[in-house]
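Below: one structure, written as structure tokens.
The values are calculated or read from the model by the stated rules, or taken from the named source; none is laboratory data. What you see is a predicted model; the values in this text were computed from it and never measured. Here the Cβ positions follow ideal geometry from the backbone for every residue, glycine too, while neighbour counts run over all protein chains shown. With ligands, DNA and RNA removed, areas are computed over all heavy atoms of the protein, side chains included. Shrake-Rupley method; radii C 1.70, N 1.55, O 1.52, S 1.80 Å.
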Amino acid sequence: MDKLFGTDGVRGTANTHPMTADMALRIGAAVGRYFSRDRSSVHRVVIGKDTRLSGYMFENALTAGLTSTGMNVLLLGPVPTPAVGLLTRSMRADLGVMISASHNPAADNGIKFFGPDGYKLSDQMEADIEELITQGVAPIEAENIGRAKRIDDGRFRYIERVKSSFPRQMRLDGLKVVVDCANGAAYKVAPEALWELGATVIPIGVDPNGNNINKGCGSTHPQLAAETVAAHGADLAICLDGDADRVILLDENGKVGDGDQFMALMAVRWASEGKLANNALVATVMSNLGLEHFLAAKNLRLERTSVGDRYVVERMRAGGFNLGGEQSGHIVMSDYATTGDGLMAGLQFLAEMVRSGKPASALLNNFDPVPQLLKNVRFATGQTPLDSKIVKQAIAQAEADLAGAGRLLIRKSGTEPLVRVMAEHEDAALMERAVDSVVEAVAESVST
């Protein structure tokens, strides 16, 4: 069997391997057995999902697999991914499951897991679960089959937890905020939380129909939010993705501020208050060189990891850091949450607007990014373009061209069949030639 787990659980097109109901049943049985090996106590799992049509199918299949091993299942319905991490821990569950393909189109779906501590599973745990899936899991005795129950107040518990991260005596009165929920998991919780804190809320992307998640809206398509900011004279737009674990912010002019700019702001702010653990920020290899230079000038460090918020979190836990994230908008504040939380990050930014009295445009312009270019090349299942001789030669030449004043990063996506080619260099023309040369080589290798 091909490797199931990517950088963020199992993901693919619904009703196509590995995202089939049959595989979800097998996955449910395997994780159920893995987390209920101690038969001396009752075991429970919480399951959340986003708004994709296929979520119903996978919710039922996972429930069947889990209950067949004796696990009791608590169904949260549509909630953000960070809510699953929170509720897994607060409800004393052995396992948390989120059914979502994050920012991917509606036809895709995925399954990701949280351990009893609310953190995503390690590579070794995923490998052990894959082994159980391969071997197959025998069902439990009939009298010990688990139960399933709907939990109606999951999203309200999450709202209260998110609000508790906001300064207690502070309100958002007078601020007009666009919140784009991507027709996804936060379509109820995000507008409600902002309204309860006093903001004038302009919600968009809050009419999910099962097929419109991330479609022309959300963090990957901020144009609608920019237009809404202009139409309403809003102070800020908070653009979430389908499962609300990432955020992109737009200032009062509709200009996008990415995760790097937000992390720069928070790192300096927390450092000034003595709250930034070990005077360091954790980010991935995708974060801009400009961020690294900015932090160094403030006597702060940037710790880089592989791409994926789970690797950011692992480094944060291992090194005792409390702020990290990704350029794409995963922001992890471990004092408050176990994983990226787009809504919580948006509230922290709003708190800084209130505290400083500055507009969003001033707070999202902390450093000048080094010119950066990212291009993707799609490949077919079974192809290994990075093993091609012509690709290796193109990469070596591009690295030589950029040496000294820039960098080149080539990697396979962990969530889609894509080769991602990224470069940074002060000379934008040289950078573009380097990226294009590698992209052309990869495209040639997959077309032959």
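Things to note:
- Dimensions of segment 176-278 based on its C-alpha atoms, expressed as ranges along the principal axes with the largest first, amount to 45, 27, 26 Å.
- Hits among lysines - C-alpha to C-alpha of LYS375 under 26 Å, sequence gap 8 or more where chains match: LYS3, LYS215, LYS255, LYS389, LYS392, LYS412
- Here each label is just a point 7 Å from Cα along the line to Cβ, and for ALA403 and PHE156 those points are 6.4 nm apart.
- Computed over the chain with a Gaussian network model linking Cα atoms closer than 10 Å, the most mobile of ALA142, ALA193, ALA24 is ALA142.
- Percentage relative contact order, the chain, counting C-alpha pairs under 8 Å, at least six apart: 13
- Estimated FRET transfer efficiency when R0 is 30 angstrom, pair LYS255-ALA396 (beta carbons, to 0.05): 0.20
- Spin-label model distance (nm) - LYS176 vs VAL42, 7 Å beyond Cα toward Cβ: 5.2
- Across segment 82-93, coupling constants 3J(HN,Hα) worked out from phi with the 6.51/-1.76/1.60 Karplus curve, θ = phi - 60°, read x, 5, 5, x, 5, 6, 4, 6, 6, 8, 6, 7 Hz, and Gly and Pro carry x.
- Solvent-accessible surface of segment 1-131, taken per residue with a 1.4 Å probe and all protein chains present: 34 Å².
- GNM top mover of GLY404, GLY233, GLY136 - the chain, alpha-carbon springs below 10 Å: GLY404
- Under 5 Å, built H, 5+ apart or other chain: amide partners of LYS49: GLY77, VAL79, ILE99
- Here the calculated FRET efficiency for GLU141 and SER272, from their Cβ-Cβ distance with R0 = 41 Å, stands at 0.10, rounded to the nearest 0.05.
- Positive contributions from Lys and Arg (+1) and negative ones from Asp and Glu (-1), summed over other residues with Cβ under 14 Å from the Cβ of GLN393, come out at -3.
- With all projection directions averaged, the alpha carbon convex hull of segment 110-199 covers 9.5 nm².
- Cα centroid separation - segment 253-292 against segment 48-117, whole Å: 30
- Theoretical FRET efficiency, 1/(1+(r/R0)^6), r = Cβ-Cβ of ASN209 and HIS232, R0 30 Å, to 0.05: 0.80
- Space enclosed by the convex hull of the alpha-carbon atoms of the chain, per residue, Å³: 143
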